[in-house]
Amino acid sequence: MTGASSSLADLLRPVKHVLLDFDGPVCSVFAGLPAPEVARRLRLGLLAVGGQALDGVEAETDPLALLRLIADRHPDLAATTDSSLASLETEAVLMARPNPGGESVLRACARTGRSVSLVSNNAGSAIEAYLTAQGLSGYVAGVFGRTPGDPSSMKPDPRLLLEAMEVVGSKPEQSIFIGDAARDVQAGAAAGVATIGYANKPGKASVLAAAGAVVVVDSMQHIAEAIR
Ligand SMILES: [Mg+2]
């Protein structure tokens with residue numbers, strides 16, 4: 001894969017600011033506390049607090065999709081649901097499976113003077129808890145999780161990426177985004193930033209390429225090597 005490696009190095013050379021998705025590139029958030037269990041607990045907690053019947057949300061096993069669904073149908077519950085989910089995500093990240101390649105990217109960026117912002121649909125508080133637990137806080141300039149109570153801030157919406165670039169003071173052409181979902185590539189495109197697709201599961205490479213990823217890799221280590 002010499003061609004792919006050199007194009008990755010060419011792509012990364014002008015980059016001063018690496019925008020990094022969290023779940024996937026950095027760790028598998030729900031590896032220890034599975035997503036369907038988080039979704040189940042989220043529903044139970046809401047029933048206990050609100051006593052309100054939540055029609056049509058029983059089948060959703062993706063906690064972030066569930067948050068979006070509940071906020072769409074019951075806007076009055078958006079803030080409570082988000083806050084409950086943030087607590088569950090914080091519990092989950094302490095059992096998450098780290099991606100060693102993600103840590104390599106963080107270290108490679110630090111060594112080469114590039115700043116890193118984490119841009120994620122997960123709760124910022126949970127991401128901060130993970131970084132603290134793993135001793136990685138010093139490698140990250142900023143954490144841009146979903147806006148609490150406002151799931152419309154989540155990717156594919158570009159606003160978290162735009163906010164990260166504004167805070168760090170980087171232009172889209174000096175930045176790159178690394179993500180493992182089509183919504184990441186779409187958010188990157190909407191923010192004017194090129195996105196490297198990280199295909200960590202079979203079948204993802206074609207999805208990421210079709211979404212418009214500039215390069216698709218199957219290991220975060222390849223990106224770390226190209227940065228170094
Ligand atoms: Mg992800």
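The values are calculated or read from the model by the stated rules, or taken from the named source; none is laboratory data. Remember, it's a predicted structure, so these values are computed and weren't measured experimentally. When we count neighbours, we look across all protein chains shown, and the Cβ atoms used for this are built from the backbone with ideal geometry, even at glycine.
Residue pairs whose Cβ atoms lie under 8 Å apart, separated by 6 or more positions or on different chains, with the first residue in the range 203-228 and in a strand (DSSP E or B) and β-branched (Val, Ile, Thr) and the second surrounded by fewer than 16 Cβ atoms within 10 Å (Cβ to Cβ) and at pLDDT below 95, are Val215/Ala4; Val215/Ser7; Val217/Ala4. Looking at Val38, Val57, just one residue is among the β-branched types (Val, Ile, Thr) and part of a loop (DSSP other than H, G, I, E, B), and that residue is Val57.
What residue, among those in the range 132-161 that are assigned to a helix (DSSP H, G or I) and touching a strand residue (DSSP E or B) at 6+ places or on another chain (Cβ under 6 Å), is nearest to Ala190 (Cα to Cα)? Going through the qualifying residues, I end up with Leu161.
Within the bounds of the range 43-62, is there any residue that is basic (Lys, Arg) and either modelled with pLDDT of 95 or more or under 29 Å from Ala110 (Cβ atoms) (or both)? Walk me through it before giving the result.
Our first condition is that a residue be basic (Lys, Arg); within the range 43-62, this holds for 43.
This time we only want the ones that are either modelled with pLDDT of 95 or more or under 29 Å from Ala110 (Cβ atoms) (or both), so: none.
There is no residue in the range 43-62 that is basic (Lys, Arg) and either modelled with pLDDT of 95 or more or under 29 Å from Ala110 (Cβ atoms) (or both).
The condition (being of a type in the set (A, V, I, L, M, F, W, C) and either in contact (Cβ under 8 Å) with a residue 40 or more places away in the chain or in a strand (DSSP E or B) (or both)) is satisfied by just one residue among Ala129, Ala164: Ala164. Please work out if Ala129 is touching a Leu at 6+ places or on another chain (Cβ under 8 Å), more than 16 Å from the ligand (Cβ to nearest atom), more than 22 Å from Ala9 (Cα to Cα) and not polar (S, T, N, Q). The answer is yes for Ala129.
I'd like the residue in the range 114-126 that is touching a residue at least 40 places away in the same chain (Cβ under 8 Å) and out of contact with any Lys or Arg (no Cβ under 8 Å at 6 or more places or on another chain) and, out of all such residues, is nearest to the ligand (Cβ to nearest atom).
So in the range 114-126, the residues touching a residue at least 40 places away in the same chain (Cβ under 8 Å) come out as 114-123, 126.
Imposing the further condition that a residue be out of contact with any Lys or Arg (no Cβ under 8 Å at 6 or more places or on another chain) reduces the set to 116-118, 126.
Numbers: Val116: 15, Ser117: 15, Leu118: 11, Ala126: 13 Å.
Residue satisfying both the conditions and the ranking: Leu118.
Annotation: of all residues in the range 9-68 being more than 16 Å from the ligand (Cβ to nearest atom) and acidic (Asp, Glu), the one that is surrounded by the most Cβ atoms within 10 Å (Cβ to Cβ) is Glu60. For the range 171-187, the tally of residues that are free of Cβ contacts under 8 Å to residues at least 60 places away in the same chain and outside any helix (DSSP H, G or I) stands at 1. Identify, by number, the condition in (1) within 14 Å of the ligand (Cβ to nearest atom); (2) buried (at least 18 other Cβ atoms within 10 Å of the Cβ); (3) of a type outside the set (Asp, Glu) that Pro151 doesn't meet. Failing condition for Pro151: (1). In the range 189-203, of all residues being farther than 11 Å from Asp21 by Cα and in contact with a Gly (Cβ under 8 Å, 6 or more places away or on another chain), the one that is nearest to the ligand (Cβ to nearest atom) corresponds to Asn200. Under 9 Å between Cβ atoms, which residue pairs at least 6 apart in sequence (or on different chains) link something in the range 188-202 that is in contact (Cβ under 8 Å) with a residue 60 or more places away in the chain and assigned to a strand (DSSP E or B) with a partner that is surrounded by fewer than 19 Cβ atoms within 10 Å (Cβ to Cβ) and of a type in the set (Ser, Thr, Tyr)? Hits for this filter: Tyr198/Ser219.
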